Amino acid sequence: MRNTFLLIIITLTFSTLQAQTTVPPSPIKWYDIETAMKLFKQHPKPIMIDVYTDWCGWCKYMMKTTFANKNLATYINRYFYPVRFNAETKDTIYFQGKQYVSHGKTHDLALYLLDGQPAYPTLVFFDTKLRKFRIPGYQKIKDIEPLLVYFQENVSENVDINTFVLSYWLSHPRFYKDDLAKVPANQMPDTTGKVKWLSFEQAWKKNKQQPRPFLIFSYVSWCYSCQPMEKLVFSNKDIADFVNSHFYPVRFDAATTDTIKIAGRQYVSLGKGQPNQLAMQLFSHGFRFPAIIFMNSNFKNIGYIYGFFTPKQVKPMLIYFSSNAYKKQSFQQFMAQRQSHQAGKGAKN
């Protein structure tokens, strides 16, 4: 895994070491599935299950290669409940309120986890809403990296896994050159757009001459889904053109140490690795990245989007805040009206 994962700075402490095991040379600390579920109920984190068999050569190879990477293991140990599950165990296992037993070569729980399609190795992820995702086959470090980000940063809440993985590849083209070359042209997202980003000072100066709302795309260096979203959304020509013509767009590192001056106020850094004073004001509902924050021409907060979204999901939000519809109706009402209008147009055609 690249050095980006060396930036992990959040420390979580749990008294669960006695329930964990390691499989050399991998430093990942594995749980059994029942312990992982018990811990999940106390403190929800994504669950990653390595489904293997004793005779599977690729399973052993992945343990010696991918799972042996120290940076990868650190990330998994910190942000996941990692589980190793032998698909041919004879144990009786209780999982999500059900009892699973072995009726033959393949354990009943393995058949559930693998959707009745035994293949080894297979990684099975459960996100924080306990939705199941099956990823069959040997995974290299570069293959598993976007998957870990997808679940750890809760991208699964809004976007399908294939869309995110492709956006991750696009944001790191040097590392995924061969993977991108295999993607059919009709499946590649549009990346021909370019947002004309401004500094806060530039945006405020333009706003005084011609008032417009502000669009602030906020990120931090340790948000690994921020760059993929920026690439997918703001490189989309339709989105970029709309943003450039209806907003004053600003990219904002929430942990910047720079002093920011806007709307007659000055905001300073609270220290290295700490949020800027402006971030404290903008993120009044709590920090989550990536984020798009909308401010009116008086630099008053009028709305926000927290998390990873696609261009198709973002476009209605841009229309909502740029058209002043937010002053008259909720976003849910706006979307219902918009969908009704589109349905009417479709019926006429």
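The values are calculated or read from the model by the stated rules, or taken from the named source; none is laboratory data. These figures come from a predicted structure and were not determined experimentally. Don't worry about glycine lacking a Cβ; one is built from the backbone with ideal geometry, like all the others, and counts go over all protein chains shown.
Any idea which residue in the stretch 211-244 is nearest to residue 315 (Cα to Cα), counting only those that are aromatic (Phe, Trp, Tyr) and surrounded by fewer than 21 Cβ atoms within 10 Å (Cβ to Cβ)? It comes out as 242. Say whether the condition of being at pLDDT 95 or above, closer than 20 Å to residue 125 by Cβ and not in a strand (DSSP E or B) is met by at least one residue in the stretch 5-26. The answer is no, given that none of the residues of the stretch 5-26 is at pLDDT 95 or above, closer than 20 Å to residue 125 by Cβ and not in a strand (DSSP E or B). Whether a residue is in the same structural domain as residue 38 (by TED's automatic domain parsing), under 26 Å from residue 70 (Cα atoms), of a type in the set (Phe, Trp, Tyr) and surrounded by 15 or more Cβ atoms within 10 Å (Cβ to Cβ) was assessed, and residue 138 passes this test.
In the stretch 95-123, how many are exposed (fewer than 15 other Cβ atoms within 10 Å of the Cβ) and touching a residue at least 24 places away in the same chain (Cβ under 8 Å)?
Of the residues in the stretch 95-123, 1 are exposed (fewer than 15 other Cβ atoms within 10 Å of the Cβ) and touching a residue at least 24 places away in the same chain (Cβ under 8 Å).
Among the strands (runs of 3 or more DSSP E) confined to the stretch 246-349, the ones with at least 2 residues that are surrounded by fewer than 19 Cβ atoms within 10 Å (Cβ to Cβ) and not hydrophobic (A, V, I, L, M, F, W, C) are located at 248-253, 265-267, 301-306. Here the condition is being of a type in the set (Gly, Ala, Ser) and in a loop (DSSP other than H, G, I, E, B); of 119, 110, it holds for 119 alone.
Residues considered: 175, 133, 151. Of these, the only one that is more than 18 Å from residue 226 (Cβ to Cβ) and either not acidic (Asp, Glu) or not assigned by TED's automatic domain parsing to the domain that holds residue 225 (or both) is 133. Within the stretch 178-195, none of the residues are touching a helix residue (DSSP H, G or I) at 6+ places or on another chain (Cβ under 8 Å), surrounded by fewer than 20 Cβ atoms within 10 Å (Cβ to Cβ) and assigned by TED's automatic domain parsing to the domain that holds residue 326. What about residue 1, is it closer than 26 Å to residue 119 by Cα and either part of a loop (DSSP other than H, G, I, E, B) or modelled with pLDDT under 95 (or both)? Answer is yes for this residue.
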